[in-house]
Amino acid sequence: MAAALSAQVGAPVDKKKIELETRDIKDAGVYNAKVRLYAGVSAEFKVNVELVQA
């Protein structure tokens with residue numbers, strides 16, 4: 001998830017600074033998340049998980 005977020009924003013994002021609304025993502029759906037950028041500065045975003053049939 002950190003790699004995908006880094007690619008979208010064009011800056012490195014430490015995976016330890018990402019907080020998920022749920023403990024684990026095991027099913028398809030939309031999940032809320034937050035990334036702590038600096039002390040006192042955070043951004044919220046949504047993670048859309050889709051199943052891909054091979």
Exception for VAL35 within (1) modelled with pLDDT under 90; (2) under 11 Å from MET1 (Cβ atoms); (3) part of a strand (DSSP E or B) falls at (1)
Tabulated pairs, the range 6-22, first more than 18 Å from ASN32 (Cβ to Cβ), second among the hydrophobic types (A, V, I, L, M, F, W, C), C-beta under 7 angstrom, 6+ apart or interchain:
SER6/VAL13; ASP14/ALA2
For the range 31-47, state whether one or more residues are under 10 Å from the mean Cα position of the chain (by Cα) and touching a residue at least 40 places away in the same chain (Cβ under 8 Å).
yes
For the range 19-32, does any single residue satisfy the condition of being among the aromatic types (Phe, Trp, Tyr), out of contact with any Cys (no Cβ under 8 Å at 6 or more places or on another chain) and modelled with pLDDT under 90?
no
Considering only the range 1-43, state which residues are loosely packed, with under 13 Cβ neighbours inside 10 Å and within 25 Å of GLN53 (Cβ to Cβ).
ALA3, ALA4, ALA7, GLN8, THR22, ASP24, LYS26, ASP27, ALA28, GLY29, VAL30
Of the residues in the range 1-32, how many are among the hydroxyl-bearing types (Ser, Thr, Tyr) and not in a loop (DSSP other than H, G, I, E, B)?
2
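The values are calculated or read from the model by the stated rules, or taken from the named source; none is laboratory data. Not measured: the values here are computed from a predicted model. Positions of Cβ are backbone-derived with ideal geometry, glycine not excepted, and every protein chain shown enters the neighbour counts.
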